[in-house]
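The values are calculated or read from the model by the stated rules, or taken from the named source; none is laboratory data. It should be emphasised that the depicted structure is a prediction, and the values quoted were computed from it without experimental measurement. Quick reminder, even Gly has a Cβ in these numbers, built from the backbone with ideal geometry, and neighbours come from all protein chains shown.
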Amino acid sequence: MFEINEIKELIRAVDESSVGELEIRGETKEKLTIKKEGAGAVVSPVSEVTQVPQQAVAPAPPTPPAPSNEPAAEKQEDDKKDDSLEKIVSPMVGTFYRSPSPEAEVYVNEGDKVKEDTVVCIIEAMKLMNELEAEVSGEIVETLVDNGELVEYGQPLFLVKHT
């Protein structure tokens with residue numbers, strides 16, 4: 001079977017090349033087809049009947065922060081403030097959704113209290129909707145990602161203040 005990281009790398013390679021279609025056959029009758037259609041690549045394993053459009057796997061790297069003119073003492077104070085907040089981070093690469101469907105209420109808003117088992121968002125990866133639990137108790141201070149935004153593994157999604 002193909003490893004997920006291998007598939008992601010192949011999708012990136014097809015997206016960035018002029019190749020329109022790539023088909024790979026494994027040693028044991030497994031087959032993977034990646035086709036470029038419109039804006040992105042489409043992955044079609046042999047066991048699937050329909051093709052599933054894939055979203056871009058890796059967004060452009062973030063730009064480094066601009067140099068700060070604030071004194072070092074103020075910077076250290078800001079760092080201490082950040083230490084008192086817990087980050088809820090993405091456990092995978094995917095698309096961030098604040099609610100289970102476009103018409104539904106968001107899972108959490110700033111100011112909401114959460115417990116370890118509180119669902120805070122969904123991360124969609126390869127057309128699978130993965131509910132993400134807070135894994136910390138406290139109050140949501142800030143949502144760091146916009147609805148529908150691509151997120152990376154380990155990317156902070158929410159800031160939580162322990163209560």
Test result for Pro71, at pLDDT 75 or above and exposed (fewer than 10 other Cβ atoms within 10 Å of the Cβ): no
Test: residue in segment 124-135 that is more than 29 Å from Asn5 (Cα to Cα), basic (Lys, Arg) and out of contact with any Cys (no Cβ under 6 Å at 6 or more places or on another chain): no
Pair list, Cβ < 8 Å and 6+ apart or interchain, from segment 101-114 residues that are assigned by TED's automatic domain parsing to the domain that holds Val141 to residues that are exposed (fewer than 10 other Cβ atoms within 10 Å of the Cβ): Lys113/Thr163
Of residues in segment 112-163 being within 10 Å of Ile88 (Cα to Cα) and among the charged types (D, E, K, R), the one surrounded by the most Cβ atoms within 10 Å (Cβ to Cβ): Glu135
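Could you please give the count of residues in segment 97-123 that are among the basic types (Lys, Arg) and part of a loop (DSSP other than H, G, I, E, B)? Steps first, please.
The first filter runs over segment 97-123 and keeps only residues among the basic types (Lys, Arg), leaving 98, 113, 115.
Now narrow it down to the ones that are part of a loop (DSSP other than H, G, I, E, B): 98, 115.
Adding up the residues that qualify gives 2.
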